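See below for the structure under consideration.
The values are calculated or read from the model by the stated rules, or taken from the named source; none is laboratory data. Note that the coordinates shown come from a computational prediction; the quantities given were computed from them, not determined experimentally. Reconstructed Cβ throughout: ideal geometry from the backbone, glycine too, with neighbour counts over all protein chains shown. Keep in mind that these areas ignore ligands, DNA and RNA; they rest on the heavy atoms of the full protein, side chains included. Shrake-Rupley method; radii C 1.70, N 1.55, O 1.52, S 1.80 Å.
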Amino acid sequence: MRLALFNNFQLGVVQNEQIYDVSTVVADLGFHSPQEMMQMLITQWNALQPQLAAAVDGQRGMTLDEVTLCPPVPRPGQLVCLAGNYLEPQKPERGLFNAFLKSPNSLIGHGGTVELAPAEATVFHFEPELALVIGKAASRIKAEEAMDHIFGYTQFMDVSARGLPGGFFLGKSWHTFGPMGPLLVTKDEVPTPNNLGIRLWVNDEQRHDISTADMDRHIPELLAEVTNVLPLEPGDVVSTGTHHFGLAPVQDGDVIHLQIDGLGPALVVRCHDEQKRSWER
């Protein structure tokens, strides 16, 4: 199933380019925030999924252009990102496992605007990534059981300010530095998550054309590594890293498109820089 949050964080099911309001199905769950609603939906999925399907029947859908799309996991308790995690021509050998926490408050949805940080960055990059949404608690799991802990997948851009002191958190956790969505696709619709094409365009220039098959650590192994360090809960997000070939400056006025095979329409955001900085590219 393909899920989305739209307008004032209403729950929608997306079918054939149409979005259907199914918020009545979760109205009585007793949640206090959109994130809590998504966590309850995830943990009660087996009971709620047939109700969502029934709520779509006979309903008039809306086009995605008619609604405002929110990040499908609005404020995960933990947003874990992988540094690198791809085998590349300049790094064909396996590297050390390297993960970091990015602020979940950085998330924005499809159609949003990334505001480049008013900091002395040397350059800004948008990293195209496949993100995993956790379906059940995971702590010190084995690689062979990792896929059972995934609820679904979504598209994610890890926006980065390079050259700042303070490591990954300072370089990647600014306001609006986490575009996500527009859909959350349940794992049954993505049978081969480590064989998906990832493409990113800045304006009309294609910057990335890579495959998740080229990950250094494939999903089962990387989830085992992450959960060996910290436990994950339903609704947490793990973003799986990027291939650095193709990274180039992004600046004021640019429009960025990310498309991952099987995960629905492209995630599109704009870039704004109050300082109007520019870089050679």
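The table below lists the values:
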{"item": "Residue pairs, from the table K91/K172; K91/K142; K91/K187; K91/K276, whose Cα atoms sit over 32 Å apart", "result": "K91/K276"}
{"item": "Stretchable slack from A143 to D209, in nm (0.36 nm times residue separation minus alpha-carbon distance)", "result": "21.0 nm"}
{"item": "Rounded tilt (10° steps) of 34-43 against the dominant C-alpha axis of the chain", "result": "70"}
{"item": "Residue-level accessible surface for L5, protein heavy atoms, 1.4 Å, Å²", "result": "0"}
{"item": "Residue among L11, Q39, P104 farthest towards the positive dipole end of the chain, charges placed on Cβ", "result": "P104"}
{"item": "For the stretch 1-80, accessible area per residue (1.4 Å probe, heavy atoms of protein chains only), Å²", "result": "49"}
{"item": "Where labels lie 7 Å past Cα in the beta-carbon direction, separation of F100 and H244 in nm", "result": "1.2"}
{"item": "Euclidean distance between Cα centres, the stretch 1-32 to the stretch 104-136, Å", "result": "23"}
{"item": "Mean separation of Cα contacts under 8 Å, 6 or more apart, over the residue count of the chain: relative contact order %", "result": "24"}
{"item": "Point-charge dipole on Cβ atoms (K/R +1, D/E -1) for the stretch 1-153, about Cα centre, debye to 20", "result": "380"}
{"item": "From the coordinates shown, semi-axes √(5λ) of the Cα gyration tensor in Å corresponds to which of [x] 35, 20, 18; [y] 29, 23, 17; [z] 55, 21, 13", "result": "[y]"}
{"item": "Fluctuation leader among G112, G166, G235 - the chain, Gaussian network, Cα springs under 10 angstrom", "result": "G166"}
{"item": "DSSP-defined antiparallel bridges as percent of all bridges, the chain, nearest 5", "result": "85"}
{"item": "Calculated from backbone phi, Karplus (6.51, -1.76, 1.60) coupling profile of the stretch 174-180 in Hz, x at Gly/Pro", "result": "5, 3, 6, 7, x, x, 9"}
{"item": "Accessible area, probe 1.4 Å, largest first, for residues E145, E93", "result": "E93, E145"}
{"item": "Trypsin sites (Lys or Arg not before Pro) lying in DSSP loop within the stretch 101-171, provided at most 16 other Cβ fall within 10 Å", "result": "K136, R140, K142"}
{"item": "For the stretch 112-217, accessible area per residue (1.4 Å probe, heavy atoms of protein chains only), Å²", "result": "38"}
{"item": "Carbon + sulfur, % of accessible area of the chain - ligands and nucleic acids excluded, 1.4 Å", "result": "51"}
{"item": "Qualifying aspartates and glutamates (Cα of each under 19 Å from Cα of K102; at least 8 residues distant if same chain)", "result": "E115, E127, E129, D158, E225, E233, D236"}
{"item": "Length released on extending from Q44 to D57, taking residue separation times 0.36 nm less the Cα-Cα span", "result": "2.6 nm"}
